[in-house]
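*Asks:* Structure provided below as structure tokens; questions to follow.
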Amino acid sequence: MTTTILTVDHVSKHFGHFQALNDVTFSINRGDIYGLIGENGAGKTTLMRLITHLSPLADGKITLLGESATHYQQALKHVGAVIETPAAFKKLTVRQNLKLTAIQHGIQDKHLIDQTIDFVGLSAKQKTKASHLSLGQRQRLGLALALLPQPDFLILDEPINGLDPSGIVAFRKLLKQLNQERNTTILISSHILTELYQVSTKFGFIHHGKFIKEVTKETLDKENESGILLGVSDVKLAAQLLDNDNIGSFTVLNDHQILIHNFSIDTAKLNQTLVTNGVAVTNITRQEGSLEQYYTNLLQHQGGNQQ
Amino acid sequence: MINQLRADFYRQTHTFGHYLLLILVILFSVITVYSKNVGGIMVSAPADFLGRLANMQWTLLSGTRGLTISSSVLMYAFISIFVMVIGYEFSQQTYKNTLVSGISRSGFIIAKFVTMLLDIFIQVIAFYLAGILTGIALGRKIGTSWGNLFSTTLLTAVIVTFFIGVVFSMAIVILMLTSSLIGSAIFIVAFPMLISILSMITKWNWLKYIDFFSVTVKISLKEITVNQFQPYIWTSFAILAVCFGLALTIIKRKEL
């Protein structure tokens, strides 16, 4: 059994002079719920469209369920996707849309339609035309259509958009259930980072078409604890100075960052101590420990690198 | 591809528009046969025949021929088939679900085209059957043997379907190229008129090979032999092949 579901290898995409994706490389393992994070126009949807072959691939290589070329279409049969807006035939009812998808996939099991409608919570609306559904219900229908063939890999592009708070909670439960009960691997993008944080096991950050970072949830939590985030030129010397000053517990995050877990320290005095001892301080910020904060810091760091 | 065909037929059995179209086609047939009023859009309409046809004693056979002359009008009604079978996929963006389901691009285009052909054939058969039944109801004579009447009707229905299919294949290319359902519909409407106008202005003889409805009428009236018909059929197959190749190339390179 393939443990790597998807490998994106040095993929680039241009639209005229606009570079939508620039040398993107990453992979998704079986069982992951992979949260893809990026601003509008960062390249998330383009990436998903390339994976599903809705956009022709010109540069790089994408391997899906072990297939990269001639049998890619076969691999797509094991993929469910809702890209951009969920699409369904508006004049058909929820059940008829699912029946149509069942026929397309050669699904004989009639109970599967009932189970899927039930799973996404649309039992009460199964005889309602798609055009009469609310946005949240349409999102659920889109998900149901993607789930019906029981895919190994589910691709969801901004699925939480337009959902009300209770809809978001239900959707989150649904994704977790899918992942845990059916071992469905999920690639999901969303602007609602708090939600993405709650469902994802791994995160990929994309910015201006570049894949800038990938972290597991554990690493993110570790790197993203709340406290005072200190950006320094010499992390080793800074750590020694913090020890000498009895500043309390702190974590060295990387070559340039230290997280001090004590919020009540005197940051002005700390700055003076470090600078006096020859450690350049690039930033002292309060880190609240959210995915949003992590993302903002990452973008700031990225902006700093670009300058 | 077979599954896609089955899915398309399932969708159509649940689409009100198809039943409405069937009713309209049958009504058009009944009115044409009842009133003996025929007409259509073609380059070389046998005008003398139209005049004679209106004044002659109508039989079931002449009724069938009258319907054939009017069959070019059907193409305008069948734009709705084009819209329902392939247009909805693009306007409602459901092609994304279809293509992500693993069907090849060629499978997708062939399935859509075959579905349209079968739809058109069913409607055309209904068109002729309604005409024959109306003739019977009006107490008209057969005008030939039953065998000849049905073989002529069947042959004409196949030819009408085929030629409408050729025009629709060009419209599919327009749809793939422009993503405009309106543009494709305008093409279907304009094509026969454009051929007629061009023919009148330029007098280009080769235009007769793509004036599909004039050919259909001539075959129905037995004005051309099977040998004479061959260049027409090969031209149509060539157009079909080119259109299929173009549509496939476009959809493979297109941002969907």
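The values are calculated or read from the model by the stated rules, or taken from the named source; none is laboratory data. All values reported here derive from a predicted model rather than from experimental measurement. For neighbour counting, all protein chains shown are included, and Cβ atoms are generated from backbone atoms with ideal geometry for every residue, glycine included.
*Asks:* Give the range A:54-84 a look and list any residue that's assigned to a loop (DSSP other than H, G, I, E, B) and more than 7 Å from chain B (Cβ to nearest Cβ), or say none.
*Replies:* We begin by selecting, within the range A:54-84, every residue assigned to a loop (DSSP other than H, G, I, E, B); these are A:54-58, A:65-66, A:68-71, A:77-78, A:83-84.
Correct list: A:Leu57, A:Ala58, A:Leu65, A:Gly66, A:Ser68, A:Ala69, A:Thr70, A:His71, A:His78, A:Glu84.
*Asks:* Next up: Just checking: which of the helices (runs of 4 or more DSSP H) contained wholly in the range A:85-149 hold 3 or more residues that are closer than 23 Å to B:Leu256 by Cα and in the same structural domain as A:Leu54 (by TED's automatic domain parsing)?
*Replies:* Answer list for the range A:85-149: A:94-104, A:135-147.
*Asks:* Looking only at the range B:1-21, decide whether some residue is closer than 30 Å to B:Gly147 by Cβ, assigned to a loop (DSSP other than H, G, I, E, B), hydrophobic (A, V, I, L, M, F, W, C) and at pLDDT below 90.
*Replies:* no
Conditions tested, residue by residue: (1) in the same structural domain as A:Gly80 (by TED's automatic domain parsing); (2) in contact with a His (Cβ under 8 Å, 6 or more places away or on another chain).
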| residue | (1), (2) |
| --- | --- |
| A:Ser166 | yes, no |
| A:His191 | yes, no |
| A:Ile206 | yes, no |
| A:Lys210 | yes, no |
| A:Lys236 | no, no |
| A:Gln240 | no, no |
| A:Phe250 | no, yes |
| A:Ile260 | no, no |
| A:Gln272 | no, no |
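*Asks:* A further question on this structure: Test B:Phe121 against the criterion of being of a type outside the set (S, T, N, Q) and either crowded, with 20+ Cβ neighbours inside 10 Å or at pLDDT below 90 (or both), and give yes or no.
*Replies:* No: the conditions fail for B:Phe121.
*Asks:* Six or more apart or on different chains, Cβ under 7 Å: which pairs go from a residue in the range B:9-27 that's at the interface with chain A (Cβ under 10 Å from one of its Cβ atoms) to one that's among the small types (Gly, Ala, Ser) and assigned to a helix (DSSP H, G or I)? Could you list them?
*Replies:* Close Cβ pairs satisfying both conditions: B:Gly17/B:Ser80.
*Asks:* So, in the range A:201-238, of the ones that are more than 30 Å from A:Leu6 (Cα to Cα), among the aliphatic types (A, V, I, L, M) and crowded, with 16+ Cβ neighbours inside 10 Å, which residue ends up modelled with the lowest pLDDT?
*Replies:* Once the filter is applied, the top-ranked residue is A:Leu229.
*Asks:* When only residues in the range A:35-77 that are more than 18 Å from A:Ile212 (Cβ to Cβ) and in contact with a Gly (Cβ under 6 Å, 6 or more places away or on another chain) count, which is surrounded by the most Cβ atoms within 10 Å (Cβ to Cβ)?
*Replies:* It comes out as A:Leu76.
*Asks:* A follow-up question, please. Picking from B:Lys208, B:Lys252, which residue would you name as being within 14 Å of another protein chain (Cβ to nearest Cβ) and either within 29 Å of B:Ser106 (Cβ to Cβ) or within 20 Å of the chain's Cα centre (by Cα) (or both)?
*Replies:* Criteria check complete, one pass: B:Lys252.
*Asks:* Right, another one. Working only within the range A:22-65, note down all residues that are touching a helix residue (DSSP H, G or I) at 6+ places or on another chain (Cβ under 6 Å) and farther than 18 Å from A:Leu154 by Cα.
*Replies:* Result: A:Gly38, A:Pro56, A:Leu57.
*Asks:* Within the range B:88-113, count every residue that is part of a helix (DSSP H, G or I) and either within 11 Å of another protein chain (Cβ to nearest Cβ) or surrounded by fewer than 20 Cβ atoms within 10 Å (Cβ to Cβ) (or both).
*Replies:* Step one: of the range B:88-113, the residues part of a helix (DSSP H, G or I) are B:88-91, B:95-100, B:105-113.
Of the ones still in play, those that are also either within 11 Å of another protein chain (Cβ to nearest Cβ) or surrounded by fewer than 20 Cβ atoms within 10 Å (Cβ to Cβ) (or both) are B:88-91, B:95-100, B:105-108, B:110-111.
Residues flagged as part of a helix (DSSP H, G or I) and either within 11 Å of another protein chain (Cβ to nearest Cβ) or surrounded by fewer than 20 Cβ atoms within 10 Å (Cβ to Cβ) (or both) within the range B:88-113 amount to 16.
*Asks:* Checking the conditions here, which among B:Phe82, B:Phe90 is of a type in the set (A, V, I, L, M, F, W, C) and at pLDDT below 90?
*Replies:* B:Phe90
*Asks:* If you don't mind, another one. Do you know which residues across the range B:201-256 are in contact (Cβ under 8 Å) with a residue 12 or more places away in the chain and farther than 22 Å from B:Val160 by Cβ?
*Replies:* B:Leu246, B:Ala247, B:Leu248, B:Ile250, B:Ile251, B:Lys252, B:Lys254, B:Leu256
*Asks:* Right, next: Within the range A:1-26, can you find the residues that are more than 14 Å from every other protein chain (Cβ to nearest Cβ) and either hydroxyl-bearing (Ser, Thr, Tyr) or free of Cβ contacts under 8 Å to residues at least 24 places away in the same chain (or both)?
*Replies:* A:Thr2, A:Thr3, A:Thr4, A:Thr7, A:Ser12, A:His17, A:Thr25
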